[in-house]
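Peer 1: For reference, the structure I am asking about is given below.
The values are calculated or read from the model by the stated rules, or taken from the named source; none is laboratory data. Treat the numbers as computed from the prediction; the structure is a model and nothing was measured. Backbone-built Cβ (ideal geometry, glycine too); neighbour counts: all protein chains shown. Accessible surface areas use protein heavy atoms only, side chains included; no ligands, DNA or RNA. Shrake-Rupley method; radii C 1.70, N 1.55, O 1.52, S 1.80 Å.
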Amino acid sequence: MRHGKKFNHLGRQTAHRKSMLANMACSLIEHKRINTTVAKAKALKQFVEPMITKSKTDTTHNRRIVMARLRQTDAVTELFRDVAQKIGDRPGGYTRIIKLGNRLGDNADMAMIELVDYNEIYNAGKAPKKTTRRSRRGGSKATTTPPVETKASNEEE
């Protein structure tokens with residue numbers, strides 16, 4: 001019985017699943033987006049987002065925790081150096097899953113998983129966040145403009 005077992009086993013043994021997710025996470029950190037099946041993308045999202053959160057605070061302890069799960073020094077270095085700088089102010093939701101349709105060979109549901117802050121297409125239309133806050137009760141004062149003369153008033157004179 002599967003009482004309380006909430007994660008997807010993906011039809012693999014534990015060691016194979018952990019290795020596969022670690023390799024997929026390293027590829028995601030290196031390339032910023034990868035194509036995979038929807039089930040693997042959802043499992044990868046649960047695997048990689050806590051590590052991205054840990055990369056926000058660069059301590060030796062956090063690096064060792066992430067290194068134990070990723071097992072690749074280059075990926076850990078890039079995660080703590082580049083990715084952490086880009087997502088520093090984001091409170092969560094570092095990845096996005098976009099469904100792509102079905103794979104030709106076996107009709108599997110395919111998806112693209114990507115790091116949110118590295119997509120220039122979605123982020124291009126957004127203006128930078130304003131830092132100042134203004135009160136509504138102080139409101140802007142309406143300025144009156146001088147009346148504009150029309151032809152009718154000029155002809156009467």
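Peer 1: Going through the stretch 51-91 one residue at a time, which ones are within 23 Å of R17 (Cα to Cα), charged (D, E, K, R) and assigned to a loop (DSSP other than H, G, I, E, B)?
Peer 2: Residue satisfying the conditions is R71 alone.
Residue-wise test of (1) open to solvent by less than 80 Å² (accessible area, probe 1.4 Å); (2) closer than 23 Å to T37 by Cα; (3) out of contact with any Phe, Trp or Tyr (no Cβ under 8 Å at 6 or more places or on another chain).
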site: T77; (1), (2), (3): yes, no, yes
site: T95; (1), (2), (3): yes, yes, yes
site: D109; (1), (2), (3): no, yes, yes
site: N119; (1), (2), (3): yes, yes, yes
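Peer 1: Starting from residues that are of a type outside the set (D, E, K, R) and in a strand (DSSP E or B), keep the ones in the stretch 16-50 and report whichever is nearest to D117 (Cα to Cα).
Peer 2: Step one: of the stretch 16-50, the residues of a type outside the set (D, E, K, R) are 16, 19-29, 31, 34-39, 41, 43-44, 46-48, 50.
Going one step further and asking which of them are in a strand (DSSP E or B), we end up with 34-37.
Details: I34: 15, N35: 17, T36: 20, T37: 22 Å.
Within the stretch 16-50, the match that is nearest to D117 (Cα to Cα) is I34.
Peer 1: I need every pair where a residue in the stretch 65-92 that is over 12 Å from I29 (Cβ atoms) has its Cβ under 8 Å from the Cβ of a residue that is of a type in the set (S, T, Y) and surrounded by 11 or more Cβ atoms within 10 Å (Cβ to Cβ), sequence separation at least 6 or different chains.
Peer 2: G92/T53
Yes/no per residue for (1) open to solvent by less than 40 Å² (accessible area, probe 1.4 Å); (2) over 13 Å from the mean Cα position of the chain (by Cα); (3) modelled with pLDDT under 95:
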residue	(1), (2), (3)
L28	yes, no, no
K40	no, yes, no
K54	no, yes, no
H61	no, yes, no
T73	no, yes, no
G101	yes, yes, no
